[in-house]
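Read through the structure below, which is laid out as structure tokens, and then see the notes.
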Amino acid sequence: FASLGDVPEPVDLAILGVANQRVEQAMRDAAHAGAASVLTFSSLFEEEPQGAGAPPLAERVAAIAREHGMALCGGNGMGFVNTEARLRATGFPTPDEMPPGSVAFLSHSGSAFAAFAFNDRGIAFNLIVSSGQEIVTTMDEYLSFALDLESTKVAALVLETVRSPDGFLTALAEAKERGVPVLALKVGRTEGAKEMVVAHSGALAGEHGAYEAVFDAYGVHECRDLEELADAIELFSNPRRVTGGTGIASLHDSGGERALFVDLAADLGIPLAKISDPTRERIDAVLDPGLVAENPLDAWGTGIDADRIYVESFLALHDDPETAAVAFVVDLTRQGEPYDAGYLRVATDVFEATTKPFCVVSNLPAAIARDEVGRLRSAGIPVLEGTVSGLRALDHLLDDASFRRRTWPTEPDVRPKDHHRRWRAVLAATKDAAFTESMALEFLADYGIPVVKAEHASSLDEVEWAAEGIGFPLAVKTAMPTIAHKSEVRGVRLNVQDVDELRETYRDLSARLGPDVTIAEMAPPGVEVALGMVRDPTFGPLVLVAAGGVLVELVHDRKLAVPPVDEGAARRLIDGLAIRPLLDGVRGAPPADVDALARAVSRLSVLAVELGDLIAELDINPVIV
């Protein structure tokens, strides 16, 4: 037909493979043809815009689609393949044969779309999408569609951004409800915050902090590169999941490569199973002399009767209650026929005789004999192509079990209801400069967060009156609204012991920095932690807990959460900090009150939910535990 308008039947999908200057008219033709959906590969870039004030081409095309209720894939994408529906809607090469599978792969990167479409490791897709600019239809809608397919067992995302936050969170909640693991590679992690304001919370959160918090809340497994994503997809495509145990058990044919595996696992913080004495005895009974029964296990001795030794050692490792998953870590070089012996047979026999997650990990991807490894994959055995990427994929499997065991937070109720209304009015009416530190402390106290006694003062008489009410020793801090970091301008004096020292301190601070100060009681010594809230432009308020005091300047030790969080969830955040051992007491210091800190984090999260729309950032540092 000469045009879409000449097509006599209703059009379901119109694929527009036309130049940018023809796209808008082609969209109108598709709309008049009653098209339910449109795919365009065009970049939607105009070399010569229509004129001042005219919307750009992408907006005009999107407006046509929305006016006529059309879904639109693109622009600047590579289309999609729905293997289940036998529909190939792409203007770019894809493999001639793409058998239906169980993985939904959704990508903002067209190159990643093409690379995974041509993967040679047997990853099979039911849906693979290059969504492009998403000027109408967005990632969350593709994900929701994929989750409605019974065949979807794994969802993998290559993300540049999230254009529909509410829809994205709804889709992640649906995946969680269905038990479909979601793997995500978020690119652009290291750009940092787009707007680095003076408070620390935004700087610590960075641009990527919101994604970390969202992924943690919904059990999304974040991958760092395409190799890790591919290994994780293959591992999760197998239905076996961790149901118990604490770490990985692995068997090797090399002492050196075993040591490398241990080093890398330690670098990545991935736990290895601590096997029991009965398991050691069971392994020791079959090992060649001179080998040590341990995990990870080097089982290569003389090579005589090696297959039997491997299988029996594997079964012993598998049966240990501390083993969560089992890995056969070797170099998958060409074995050659016959295939009824050797590593391929060992892996197959072990897989058939076990129930826990089992995989083969190749230390060197370049050495893999593809045709022979295909025999393992045909038997349903995951083959992970790299020691680091394989370890990270296994760690995602452990995290999946932890997520499924997690008790879900209930919304904490920590304050009288009138505080919400009162502070909304105060925050809405108060300029930044007028919101003093003493007001901030009162604000936190109303939400149940413990604070020291404090008063604002602007003269020596007010300073002395405040000191009389609070009592010595005191902290005296500048409260000039233009000073964000007090310590950098020598604006803090601690342990002021008497009136004479107080007067001297105030005269110094007021002369150098200005008359406004905060007079506060001294808190007892303890571990210094920072709490905060930052409003992310995509996902809204986030709660932060971090190493505090001067450490907030030196280390990037923080955890973030989507509020609200109850005390159990808050404690899990705290447990994830690198400084966590300090809270247990070191070098004779008593243990800190971690429960009280978790309670404060939880109460801050309620504040974030109720008032986060009025607060760009909030820093509480130090919180002394």
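Can you tell me which residues in region 48-96 are of a type in the set (Phe, Trp, Tyr) and over 31 Å from the mean Cα position of the chain (by Cα)?
Scanning region 48-96 gives a single hit, Phe92.
On the basis of being assigned to a helix (DSSP H, G or I), free of Cβ contacts under 8 Å to residues at least 40 places away in the same chain and aromatic (Phe, Trp, Tyr), does Trp423 make the cut?
So Trp423 fails the test.
Do you know which residues across region 462-505 are of a type in the set (D, E, K, R) and not in a helix (DSSP H, G or I)?
Hits for region 462-505 are Lys477, Arg490, Arg493, Asp498.
Of all residues in region 366-387, which are aliphatic (A, V, I, L, M), buried (at least 19 other Cβ atoms within 10 Å of the Cβ) and part of a helix (DSSP H, G or I)?
Once the filter is applied, which keeps residues that are aliphatic (A, V, I, L, M), buried (at least 19 other Cβ atoms within 10 Å of the Cβ) and part of a helix (DSSP H, G or I), region 366-387 yields Val373, Leu376.
With respect to Ala546, is the statement that it is touching a residue at least 12 places away in the same chain (Cβ under 8 Å), touching a strand residue (DSSP E or B) at 6+ places or on another chain (Cβ under 7 Å), surrounded by 21 or more Cβ atoms within 10 Å (Cβ to Cβ) and of a type outside the set (Lys, Arg) true?
When the stated conditions are applied, Ala546 passes them.
Considering only region 293-317, how many residues are within 24 Å of Val388 (Cβ to Cβ) and touching a Lys or Arg at 6+ places or on another chain (Cβ under 8 Å)?
Residues meeting the conditions: 5.
Step by step: first the residues of region 53-77, then only those that are assigned to a loop (DSSP other than H, G, I, E, B) and modelled with pLDDT of 95 or more, then the one that is least open to solvent (accessible area, probe 1.4 Å). Which residue is that?
Looking at the filtered set, the residue picked out is Met70.
When you go through (1) surrounded by 21 or more Cβ atoms within 10 Å (Cβ to Cβ); (2) hydrophobic (A, V, I, L, M, F, W, C); (3) at pLDDT 95 or above; (4) over 18 Å from Ala401 (Cβ atoms) one by one for Ala173, which number turns out not to apply?
Going through the list (1) surrounded by 21 or more Cβ atoms within 10 Å (Cβ to Cβ); (2) hydrophobic (A, V, I, L, M, F, W, C); (3) at pLDDT 95 or above; (4) over 18 Å from Ala401 (Cβ atoms), Ala173 breaks only (1).
Count, please, the residues in region 263-295 that happen to be part of a helix (DSSP H, G or I) and either modelled with pLDDT under 95 or in contact with a strand residue (DSSP E or B) (Cβ under 7 Å, 6 or more places away or on another chain) (or both).
Adding up the residues that qualify gives 2.
So which residues in region 271-315 are in contact with a His (Cβ under 8 Å, 6 or more places away or on another chain) and either among the aliphatic types (A, V, I, L, M) or farther than 20 Å from Phe358 by Cα (or both), if there are any at all?
Leu297, Ala299
When region 78-102 is examined, which residues are found to be modelled with pLDDT of 90 or more, in a loop (DSSP other than H, G, I, E, B) and β-branched (Val, Ile, Thr)?
Across region 78-102, the qualifying residues are Thr83, Thr90.
Quickly run through region 574-594 and pick out the residues that are exposed (fewer than 12 other Cβ atoms within 10 Å of the Cβ) and among the charged types (D, E, K, R).
The answer is Arg587, and nothing else.
In region 296-308, is there at least one residue being assigned to a helix (DSSP H, G or I) and buried (at least 17 other Cβ atoms within 10 Å of the Cβ)?
Yes, the conditions are met somewhere in region 296-308.
Has region 111-123 got any residue that is part of a loop (DSSP other than H, G, I, E, B), basic (Lys, Arg), in contact (Cβ under 8 Å) with a residue 40 or more places away in the chain and more than 16 Å from Thr137 (Cβ to Cβ)?
Yes, because at least one residue in region 111-123 is part of a loop (DSSP other than H, G, I, E, B), basic (Lys, Arg), in contact (Cβ under 8 Å) with a residue 40 or more places away in the chain and more than 16 Å from Thr137 (Cβ to Cβ).
Does region 573-594 hold any residues that are more than 16 Å from Ile624 (Cβ to Cβ) and in contact (Cβ under 8 Å) with a residue 24 or more places away in the chain, and which are they?
Within region 573-594, Leu573, Ala578 qualify.
Say whether the condition of being more than 21 Å from Leu4 (Cα to Cα) and surrounded by 15 or more Cβ atoms within 10 Å (Cβ to Cβ) is met by at least one residue in region 20-41.
Taking every residue of region 20-41 in turn, none turns out to be more than 21 Å from Leu4 (Cα to Cα) and surrounded by 15 or more Cβ atoms within 10 Å (Cβ to Cβ).
The values are calculated or read from the model by the stated rules, or taken from the named source; none is laboratory data. Everything numeric here is computed off the predicted structure, so don't read it as measured data. For neighbour counting, all protein chains shown are included, and Cβ atoms are generated from backbone atoms with ideal geometry for every residue, glycine included. For accessibility, only protein heavy atoms count, side chains too; no ligands or nucleic acids. Shrake-Rupley method; radii C 1.70, N 1.55, O 1.52, S 1.80 Å.
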